[in-house]
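Structure record follows, encoded as structure tokens.
No lab work stands behind these numbers, since they all come straight from the coordinates. Remember, it's a predicted structure, so these values are computed and weren't measured experimentally. Quick reminder, even Gly has a Cβ in these numbers, built from the backbone with ideal geometry, and neighbours come from all protein chains shown.
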Amino acid sequence: MSGNTFGTIFKLTTFGESHGEAIGAVIDGCPPNIPLTPNDIQNELDRRKPGQSKFVTQRKEQDIVQIISGVFEGKTTGTPIGLIIQNQDQKSKDYENIKDKFRPGHADYTYQQKYGIRDYRGGGRASARETAMRVAGGAVAKKILSMLDVDISAGVVQIGHIAAEKVSTFEAANNEFNFVDSKKIPDLEAFFNQLLKEQDSVGAKILVRISGLMPGVGSPVFSKLDAELAKAMMSVNAVKAVEVGSGTGVVNMKGSQNRDLMAADGFLSNNSGGILGGISNGEDIDIFVSLKPTSSISQKTTTVDKNNEEVNLQVKGRHDPCVGLRAAPILEAMAAMCLLDQVLLDKGQCFNVDRNS
């Protein structure tokens, strides 16, 4: 299986399945002498872990990370960093009834077609369980970026028909919906209680905001910064669309409205989302990421099995009614790893450029 490594200089390779013994990762290209402890990573993992409220999957995983290489006396050594998390709360029997059936909206059919075999227990490698290791890798990248005064935050801006009227990623970090507008929490609670009764799910849109990135990061043509960030976001389970800055809203704008005018003290607007010509301009980079509704819902339906016969299906197991609620730290992690990789690439090529002149 290819496609398990992300990055060019700062690389993350993940391994493991949802119902296997463990999930793990190897980080290559991390700079040496970076202070790093398991707590630095654990704090990010705790934001993502399941079972934190009745509105997310009730699978109980503590997601305790172990650093097994690449760190000595509390600092990175520049050698590969090995990370591992033991799986603890698998209930593989919940998936026995679908081992020969293809769940609508899942990768069951495509994995079977590509590999001729699939791990039906929770989706195996296709499970969002894999994203825990992305968060672990992203925690390391965020630690390094913080030394460069780059901050990355995220929050949910829309769930179903409920959209935020104001945006505060600080507020998002302090409610169980990760929502950027705390005034919408009562509406969300009522909406999710109804979803749970209906055994249904819903999609979400998340804002990822990058602040403090210096201008000049990114490459033109085939490796534009926004293209690299979009790829990073699209690699996350359930993501179906990515917008930068004003995104799809630009179709309703005239050029006189959309262009970001410049003055002596900076840009007067930020429709570009902090990126021009594929290169950062020093403004906030705003990325909007849309995730589809969870495909695993308990409503009875029909599907086909591996013999292409129509059969009845009812999915069991513990699933998120909205995957967006736990996606913020995952998307932050992907943004962090992408940005750090781009910063290192920039330093490699343009080490002799004086950007203060």
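Tabulated values for the structure
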{"quantity": "Principal-axis tilt of helix 131-146 within the chain, Cα atoms, nearest 10 degrees", "calculated": "20 degrees"}
{"quantity": "The chain - percent relative contact order, Cα under 8 Å, separation 6 or more", "calculated": "21 percent"}
{"quantity": "Protection-proxy order for peptides 261-269, 19-27, each taking the mean of Cβ atoms within 10 Å per residue, highest first", "calculated": "19-27, 261-269"}
{"quantity": "Theoretical FRET efficiency, 1/(1+(r/R0)^6), r = Cβ-Cβ of Cys350 and Asn33, R0 30 Å, to 0.05", "calculated": "0.85"}
{"quantity": "Ratio of the Cα radius of gyration of the chain to 2.2 N^0.38 Å, where N counts its residues", "calculated": "1.03"}
{"quantity": "Likely footprinting exposure, Tyr109, Tyr115, Tyr120, fewest C-beta neighbours within 10 Å first", "calculated": "Tyr115, Tyr109, Tyr120"}
{"quantity": "For Asn237, net neighbour charge (Lys/Arg +1, Asp/Glu -1) across residues whose Cβ lies under 12 Å away", "calculated": "+4"}
{"quantity": "Ordering of 345-353, 233-241 by burial proxy (mean other Cβ atoms within 10 Å per residue, highest first)", "calculated": "233-241, 345-353"}
{"quantity": "Sequence-distant lysines (8 or more away, or on other chains) whose Cα lies within less than 30 Å of Lys184", "calculated": "Lys49, Lys54, Lys60, Lys142, Lys166, Lys197, Lys205, Lys240, Lys292"}
{"quantity": "Packing-based ranking, highest mean first, of 299-310, 139-150 given that Cβ atoms within 10 Å are counted", "calculated": "139-150, 299-310"}
{"quantity": "Simple label model, 7 Å out from Cα along Cβ direction - Glu198 to Lys316, nm", "calculated": "2.6 nm"}
{"quantity": "Local electrostatic count, Arg209, Cβ distance below 9 Å [Lys/Arg +1, Asp/Glu -1]", "calculated": "-3"}
{"quantity": "Set of aspartates and glutamates near Lys316 by C-alpha distance (under 19 Å), chain-local residues within fewer than 8 positions excluded", "calculated": "Glu17, Glu61, Asp89, Asp94, Glu96, Asp100, Asp108, Asp119, Glu198, Asp200, Asp305"}
{"quantity": "Most positive-pole-ward Cα, Val150, Asn308, Tyr115, against dipole of the chain from beta carbon charges", "calculated": "Asn308"}
{"quantity": "Label-point gap, in nm, between Ala241 and Ser211 - each point 7 angstrom along Cα→Cβ", "calculated": "2.7 nm"}
{"quantity": "Only Lys, Arg (+1) and Asp, Glu (-1) charged, at Cβ; the stretch 5-349 dipole about Cα centre in debye", "calculated": "740 debye"}
{"quantity": "Estimated FRET transfer efficiency (Ser269, Glu21; beta-carbon r; R0 51 Å; 0.05)", "calculated": "0.50"}
